[in-house]
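Down below is the structure, laid out as structure tokens.
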Amino acid sequence: MRTLIAYTTRHGTTLRYAEAMARALSGEVVLTDLRQEPAVDISPFDTVVIGGAVYFGNVSPLLKEFCLSNIEELKRKNLGLFVCCCLDGEQAEKQMQAAYPLELLDAAKVKKTLAGDIDLSRMNLIERLIVKLVERKIPCTGRFNEEAANEFAHMLEAPDL
Ligand SMILES: Cc1cc2nc3c(=O)[nH]c(=O)nc-3n(C[C@H](O)[C@H](O)[C@H](O)COP(=O)(O)O)c2cc1C
């Protein structure tokens, strides 16, 4: 299995999920930050995972653009989709729906919302002030969860029933 994990992150939690999945998956795994390589070629890969960090209710426009410009090919892949976010339950689910085109959500073998982190030590002063302003509306009760990344990888590799 050749896997591409394409992601967007600002503070690194989404990358941590991508790295944990890469460790859990068999075969060759390539990690691509869409900010650095927005037009990565997906044709050499039979499995593609796309993951986006959620800020103010949505993922980066780069991730959306990547999905739209590759949509037909992505539908033919063994596809995994996730968002990394602080909200959970129904609110997280809504963010997942907002992040990806319906056609891709329908085509995906695995789709999950994964718990984000707010790590103030990785943020500059302005970012910390913004966190202070939003923390009541966007409480971050979860934590990076390696087990959830492992489960995502195992589901992606499970044989189709
Ligand atoms: C300014 C700011 C806005 C955020 N907005 C949301 C949001 O709307 N919904 C949500 O679920 N999480 C939100 N979060 C939490 C992030 O999704 C979480 O910190 C995640 O781990 C970020 O991923 P990253 O570390 O890969 O950038 C926000 C965090 C910050 C700092």
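Numerical summary
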item: Point-charge dipole on Cβ atoms (K/R +1, D/E -1) for region 2-157, about Cα centre, debye to 20; result: 440
item: Lys pairs, the chain - Cα-Cα below 26 angstrom, 8 or more residues apart or on other chains; result: 22
item: Cysteines (scope the chain) whose Cβ has no counterpart Cys Cβ under 4.7 Å; result: 67, 84, 85
item: Spacing of the two label points (7 Å from each Cα toward its C-beta) at residue 127 and residue 10, in nm; result: 0.8
item: Antiparallel %, DSSP beta bridges [both residues in the chain], to 5; result: 5
item: Within region 1-104, chymotrypsin sites (Phe, Trp or Tyr not before Pro) in DSSP loop having at most 15 other beta-carbon neighbours inside 10 Å; result: 56
item: Local net charge near residue 65, Cβ-Cβ under 13 Å (Lys/Arg +1, Asp/Glu -1); result: +1
item: Calculated P(r) of region 99-154 - Cα pairs past 18 Å, %; result: 54
item: Rounded tilt (10° steps) of 146-157 against the dominant C-alpha axis of the chain; result: 20
item: In degrees, nearest ten, helix 89-99 long axis to first principal axis of the chain (Cα); result: 60
item: Tilt relative to the chain, helix 125-134 - C-alpha long axis, 0 to 90 degrees, to 10; result: 90
item: Within-15-Å neighbourhood charge of residue 131 [Cβ basis; K, R +1; D, E -1]; result: +2
item: Descending Cα extents along the principal axes, the chain, whole Å; result: 44, 30, 28
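Bear in mind that the values in this text are calculations on the coordinates, not laboratory data. Since we're looking at a predicted model, the values are computed, not measured. No Cβ is skipped: glycine too gets one built from the backbone with ideal geometry, and neighbour counts run over all protein chains shown.
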